[in-house]
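The values are calculated or read from the model by the stated rules, or taken from the named source; none is laboratory data. Since the model is a prediction, treat every value here as computed from it, not as a measurement. Glycine gets a Cβ as well: all are built from the backbone with ideal geometry, and neighbour counts include every protein chain shown.
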Amino acid sequence: MIGKIIGAAIGERVARRSGGGARGALIGAMAPAIARRLFGPLGLALAGGYAAKKYYDSRKARPQNPS
């Protein structure tokens, strides 16, 4: 359902720029499928990198115990 909403928003923007509704509707219908294929592995890699950076920063910010 979220993919359909995003596709509709993209289609509306394309239609507004090009002046026609058919082209925007076609691109809007294809957008969720393209996004799933393109950003699935990339999104997973970006999320993993973000989590690793947050972990690294939290470890770096902790005070060192002189033991």
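Just the residues that are aromatic (Phe, Trp, Tyr) and farther than 30 Å from Ala9 by Cβ, please, taken from region 32-67. Within region 32-67, Tyr55, Tyr56 qualify. One residue stands out in region 10-33 among those that are loosely packed, with under 12 Cβ neighbours inside 10 Å and part of a helix (DSSP H, G or I): the one that is modelled with the highest pLDDT, namely Ala33.
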